[in-house]
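Undergrad: Attaching a single structure in structure tokens format; questions to follow.
A short reminder: the numbers here are calculations on the coordinates, not readings from a lab. Since this is a predicted model, take the numbers as computed values, not measurements. No Cβ is skipped: glycine too gets one built from the backbone with ideal geometry, and neighbour counts run over all protein chains shown.
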Amino acid sequence: MKRLLLSVLTCLLITTSSQEAQEAWYLQEKASSGNFTVSKPGYRPIIKSQGEGSTGGDYFDDTANISATIVNIYNIGIMSMYQVDLLQLSYILANGSLYNSSCHGSNMLFYPDNFTLEKGEYVEKIEGSTSDSLVNQLTITINSPSENSKRVIGPYGTTIGKKNFTFEGYIFAFHGRTGKYVLQNIGVYYIPPAKETTYFGIPSQNFKEEPDAMNPPVVKVSKVIIYHSDRINSLQLEYRLHGGETRLGRQYPKGPAKGVLTTLVFSDNEWLIGAYGKIRKGRSQSQIQITFVTRKADGSRSQYGPYGGAYNDDVMPTTKFNMTGTIIGYRGYFNNGLNSVGFFYF
């Protein structure tokens, strides 16, 4: 295992104040099974999990009193004997700087095992067990950019606790309780995996923009760019990522697009909550007509479309589709128009 000098991650409490950080994290809280939803309306939910372990020791929250929103974990420092003695994190902030947390657990001058996340990697799962007074064991799974590639850290701690737990999603920050010599309680901030619809149209795809494949992940669609005529000739989405970055997705299909250009721009107070339309099936392919539905912060709704032609059911039969959910990505098939579409959503 990769070892770094303890001086790389010193056990010092680093604190700054920031109104921006408070606005980013505590805009909305709703209790759900011991968890809290911490997010802005219309944005993909961020979950603050319940803590697992003891109610003793001192509480810590690595998102509190820092200079900017935490985007991802940069380094994990961990040490154990019979139980988890130490956990310390280094984080990447939205402003590009690094932030080192305090030591969660032992402050003895030992050398923890350190694991640095490479570009594109993120923690996707944490499993462990706890007892009445401490965190007994931890295993951390890191998702790598290569498809189906994972790194597993641990297990750390040799004793099995009374209760098992699992956190899963895009895990990017920690909270919990720390004792003088051991980690007593652990919880995380995470973004749950996106859901996805079936295909509307032919059951095939030649493009996909999966929100969880971007790092950091997509939290909102900020723009839809459509070229359309009697069909949808091309689609392109612009995304807001966790931490505030905006990223323009690829245009599908590639190359110059024909037809009328329509650009839908959504402010922070407007978001996609669904899409509906028609599927006109021919001998070997189908054509899609779409209308997008949005909601605004004041509760009002808007419809944009239809895009892709006015289909006459008397000339060629069509079938209808309707999906509801906040859209954050899409996939489908283009061949002389949009033949199939499916959506990622929450």
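Undergrad: If you line up the Cα atoms of the chain on their principal axes, what length do they span on each, largest first, in Å?
TA: Rounded to whole Å, the extents work out to 77, 39, 36 Å.
Undergrad: Please list the three semi-axes, largest first and in whole Å, of the ellipsoid equivalent to segment 195-345, using sqrt of 5 times the eigenvalues of its alpha carbon gyration tensor.
TA: Largest first, segment 195-345 gives 25, 17, 14 Å.
Undergrad: Taking the Cα centre of segment 131-254 as the origin, how large is its charge dipole in debye, to the nearest 20, when only Lys and Arg (+1) and Asp and Glu (-1) carry charge on their Cβ atoms?
TA: 240 debye
Undergrad: Additional query: Two decimals, Cα atoms only, Kirkwood Rh: what is Rg/Rh over segment 36-191?
TA: My calculation of the ratio gives 0.94.
Undergrad: Using the Cα centre of segment 203-321 as origin and beta-carbon charges of +1 (Lys, Arg) and -1 (Asp, Glu), tell me which of ALA213, SER234, GLY305 is placed farthest towards the positive end of the dipole.
TA: Of the candidates, SER234 comes out farthest on the positive side.
Undergrad: Working out 0.36 nm times the residue gap between THR262 and TYR111, then minus their Cα-Cα distance, what length gain in nm do you get to one decimal?
TA: 48.6 nm
Undergrad: Could I ask something else about it? Running a GNM on the chain with Cα contacts under 10 Å, which residue among TYR122, TYR330, TYR59 ends up with the highest mean-square fluctuation?
TA: Among TYR122, TYR330, TYR59, the largest GNM mean-square fluctuation belongs to TYR59.
Undergrad: On to the next question. Run the quick spin-label model on THR198 and SER131: label points 7 Å from Cα toward the beta carbon, then report their separation in nm to one decimal.
TA: Label-label distance for THR198 and SER131, simple model: 5.1 nm.
Undergrad: Please compute the contact order of the chain in relative form: average sequence separation of alpha-carbon pairs under 8 Å and at least six residues apart, divided by the residue count, as a percent.
TA: It comes to 16 percent, rounded to a whole number.
Undergrad: May I ask which residue of GLY243, THR326, VAL293 lies farthest towards the positive end of the charge dipole of the chain, with charges of +1 (Lys, Arg) and -1 (Asp, Glu) on Cβ and the Cα centre as origin?
TA: VAL293
Undergrad: Could you size up the charge dipole of segment 36-191 around its Cα centre, putting +1 on the beta carbon of Lys and Arg and -1 on that of Asp and Glu, and report it in debye to the nearest 20?
TA: Roughly 220 debye for segment 36-191.
Undergrad: Distance between the C-alpha centers of segment 178-214 and segment 31-105? Whole Å please.
TA: Cα centres, segment 178-214 to segment 31-105: 17 Å.
Undergrad: Under 16 Å from the Cα of LYS48, which lysines turn up, not counting those fewer than eight places away in the same chain?
TA: Here the lysines satisfying the reach criterion relative to LYS48 are LYS30, LYS40, LYS125.
Undergrad: Over the chain, with a Gaussian network built from C-alpha contacts below 10 Å, which listed residue (GLY96, GLY77, GLY243) shows the highest mean-square fluctuation?
TA: Looking only at GLY96, GLY77, GLY243, the biggest GNM fluctuation is shown by GLY96.
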